[in-house]
Amino acid sequence: MNLSPFTNFYYMILDGENEVGIIHAKDIDWENGVAEAGIFIGNRTYLGSFIPVQAVLAMMDHAWEVLGLKKLKAKVCLLYT
């Protein structure tokens with residue numbers, strides 16, 4: 001696993017002082033403008049809330065507008081049942 005700060009960006013998701021989870025753009029391929037995006041909600045209170053949606057939209061905006069990426073790829077895995 002390569003955690004280079006040049007190809008991996010990880011951010012805490014906070015709601016005020018409450019820790020919600022982590023969101024990232026990783027394994028960035030700068031030449032093709034592609035990265036893998038992911039989100040982990042560690043605080044079950046926020047499952048089904050709009051906070052994770054806002055975090056994803058903010059990450060997408062950051063990826064395209066600030067990092068200059070063209071495409072984000074993501075996988076979905078449901079851990080809570």
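The values are calculated or read from the model by the stated rules, or taken from the named source; none is laboratory data. All values reported here derive from a predicted model rather than from experimental measurement. Reconstructed Cβ throughout: ideal geometry from the backbone, glycine too, with neighbour counts over all protein chains shown. For accessibility, only protein heavy atoms count, side chains too; no ligands or nucleic acids. Shrake-Rupley method; radii C 1.70, N 1.55, O 1.52, S 1.80 Å.
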* What percentage of the solvent-accessible surface of the chain, computed with a 1.4 Å probe over protein heavy atoms, is contributed by carbon and sulfur atoms? -> 58
* **Pairwise label distance in nanometres, THR45 with ASN18, each label 7 Å out on the Cα-Cβ vector** => 0.4
* To do: For n ≥ 4 DSSP H runs only, could you compute -39500 (n - 2.57) per run for the chain, divide by its residues and tell me the 222 nm figure to the nearest 500?
  => -4000 deg cm²/dmol
* To do: Based on alpha-carbon positions alone, could you give the equivalent ellipsoid semi-axes of the chain from the gyration tensor, as √(5λ), descending, whole Å?
  => 23, 13, 12
* Which whole-Hz couplings ³J(HN,Hα) result when phi for each residue of segment 51-57 is put into the Karplus expression 6.51 cos²θ - 1.76 cosθ + 1.60, θ = phi - 60°, listed in order with x for Gly and Pro? -> 4, x, 4, 4, 5, 5, 4
* **Cleavage-rule hits (GluC sites (Glu not before Pro)) in segment 16-81: DSSP loop, at most 11 neighbouring Cβ within 10 angstrom** => GLU17, GLU31
* To do: Quick one: which residues, 5+ away or cross-chain, put their amide H under 5 Å from the amide H of ASP15? H built at 1.01 Å from N.
  => VAL20
* Pairwise label distance in nanometres, ALA58 with GLU36, each label 7 Å out on the Cα-Cβ vector -> 2.4
* Asked: With every protein chain present, what is the per residue accessible area of the chain (1.4 Å probe, Å²)?
  -> 73
